[in-house]
Amino acid sequence: MKFYIETYGCQMNIYDSEIICSILLKSGFIKTSTLKKADIILLNTCAIREKPEKKIFNRLMKIRCLKQTNNQIKIGLVGCLATHYNKQTLEKLNFIDLIVGPDSYKKIPKMIKNLKKEQTKKEIDVSLANQEKYTKIIPIGVRTSISAFLSIMRGCDNMCTFCIVPFSRGREKSRNPNSILKECKILYKKGYKEIILLGQNVDSYFFKQIKFLNLLELIAITVPLMRIRFLTSYPSNISKNLLEVVKKHSNICKHFHIPLQSGSTRILSLMRRKYTVEEFLLIIKMIKQIIPDCSISSDLMTGFCTETQEDHRETIRIMNIIKFNFSYMFKYSSRQGTYAYRKLKDDVPNILKLRRLNEILMLQKSHSFYRLKENIGKIQNVLIEGISKKDDNYYYGRNYKNDIIVFPKTKSKIGSYNRVKILNSTFTTLIGERILSEI
Ligand code: SF4
């Protein structure tokens, strides 16, 4: 039987699709990249905001038409929407045969077989586990041949009032470090050059006295020739000791993704974030003191419940102080099941949310440009990831800060490290030239 999988949402979902592929391939299923050739179509979904949810819903409606020509096709909704939708919504989606939450992927082959044998009309498993379920599964890379995702923990205990993750993915579960190190070694042997450690709250990793900073150091030592990145960091989990580990190991990238969400302490408190704006600024100061040449990115949200123009101005003020290297920015959308949905009033008009979003988008663009220009004149190690989409005479790759760099193609291979002198910058990309030999 052939399966087709489509992925929506964050890096965690991309990783999960790799896990699903691995499970299905091991059970004898064949992967196809053509929707129409598939016997089973899986949509790995995201519940974090309203916009992707609508997109997925529209996609499901289109896929549904395939059943009119072939009623043997099975359609599966997997991932965060499976746990997010309530029973009534799931019942309305009567053309979906398979509904599987993020902790039940191992059951997919059996569920498909049950459907094919017509033992059941619909298979549903949206239970959430207390422990990591995929420790022994090596994901099959579907992203690039250079850089691999590696999930070290799942779920979240923070319960931010706007966020659906603690409900859709459950409580925090950290993976056994031995299985993580084993996976790192396998990735290295397969020729991957970079590992991106993933977790909703990567720095709250904790497994039998092993904290995130211990794990990070173990990985850096175990695969010294691989580049290591990690995301996402919760602001108040960043410690001096963690920063010392990042500084000490040249193969750990000097990039921190730390969501601020809002520049107003009043809004942060309503969001139930565990820091004030002043504390956030102190964390940034500590990072810059210990690792001056690093990059810091963030997530920002406009229009959260009761956000005033004054709160919004505070966000702009803080952005101007920090000048993030880049940010993911969204307007708030209320998610069913969260505290904010139940108890707070989504009272900022959509037009205002959008106007504020556009303002911070423009501001971030100028800050990103400012930060990129700081690299001009420097010589940096660039890992070549591929051929530039805009000009096939150029390679593109990333430096240790996660900036994208293009430079004229040389005899160097994709996947090699090159010393590149940064000559110029556009709003999004650095332009350089290779110097000296490969590293
Ligand atoms: S820290 Fe907050 S925003 Fe991030 S995943 Fe956890 S609950 Fe969601």
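The values are calculated or read from the model by the stated rules, or taken from the named source; none is laboratory data. Treat the numbers as computed from the prediction; the structure is a model and nothing was measured. With ideal geometry, Cβ positions are generated from the backbone for all residues, glycine too; neighbour counts draw on all protein chains shown. Ligands, DNA and RNA are excluded from the accessible area calculation, which covers all protein heavy atoms including side chains. Shrake-Rupley method; radii C 1.70, N 1.55, O 1.52, S 1.80 Å.
Structural remarks
- For the chain, the solvent-accessible area with a 1.4 angstrom probe is 46 square angstrom per residue.
- Classification of segment 293-342 by its C-alpha gyration tensor yields an oblate form. The axis ratio a/c (a ≥ b ≥ c) is 1.5 or more, and b/c is at least a/b.
- Label point at residue 159 placed 7 Å out along Cα→Cβ; residues across segment 326-363 whose backbone nitrogen lies under 11 Å: 339
- Within the chain, percent of DSSP bridges classed antiparallel, to nearest 5: 35
- The fraction of accessible area contributed by carbon and sulfur in segment 237-293 is 56 percent, rounded to a whole number (1.4 Å probe; ligands and nucleic acids excluded).
- For segment 147-373, the dipole from Cβ point charges (+1 on Lys and Arg, -1 on Asp and Glu) about the Cα centre works out to 540 debye, to the nearest 20.
- Relative contact order [Cα under 8 Å, 6+ residues apart], segment 379-435, whole percent: 34
- Positive-pole candidate from 319, 352, 191, dipole of segment 147-373, charges at beta carbon: 191
- Dipole magnitude of segment 217-283, debye to nearest 20 (Cβ charges: Lys/Arg +1, Asp/Glu -1, about Cα centre): 120
- Our compactness index for the chain, the C-alpha radius of gyration over the empirical 2.2 N^0.38 Å, is 1.01.
- Most positive-pole-ward Cα, 45, 241, 366, against dipole of the chain from beta carbon charges: 45
- Taking 376, 19, 296 as the candidate residues, the one with maximal mean-square fluctuation in a Gaussian network model of the chain, Cα springs under 10 Å, is 376.
- Shape call, segment 379-435: gyration tensor on alpha carbons, a/c limit 1.5: rounded
- Sequence-separation-based contact order of the chain, relative, with Cα cut under 8 Å and 6+ spacing, percent: 10
- Counting only Cα atoms, the size of segment 147-373 along its three principal axes is 53, 42, 29 Å, in decreasing order.
- Applying a 4.7 Å Cβ-Cβ cutoff to the chain, the cysteines left without a disulfide-compatible partner are 10, 21, 46, 65, 80, 156, 184, 253, 294, 305.
- The trypsin sites (Lys or Arg not before Pro) of segment 1-46 include none that meets both criteria, a DSSP state outside H, G, I, E and B (loop) and at most 13 other C-beta atoms within 10 angstrom of the site's C-beta.
- Nearest-0.05 FRET efficiency for residue 266 and residue 145, computed from C-beta distance (R0 41 Å): 0.30
- Added length on full extension, which subtracts the Cα-Cα distance from 0.36 nm per residue, residue 392 to residue 70: 111.8 nm
- Radius of gyration and maximum dimension Dmax of segment 289-439, Cα, Å: 19.7, 60
- Cα shape, segment 2-125, gyration tensor, a/c 1.5 rule: rounded
- Length added when fully stretched, residue 210-residue 88, from 0.36 nm per residue minus Cα-Cα: 39.7 nm
- One decimal place: the segment residue 417-residue 374 gains 13.4 nm when fully extended, by the rule 0.36 nm per residue minus the C-alpha distance.
- Placing R0 at 51 angstrom, the Cβ-Cβ distance between residue 34 and residue 358 gives a FRET efficiency of 0.85 after rounding to 0.05.
- Sites residue 136 and residue 279, calculated FRET efficiency, Cβ-Cβ separation with R0 35 Å, nearest 0.05: 0.30
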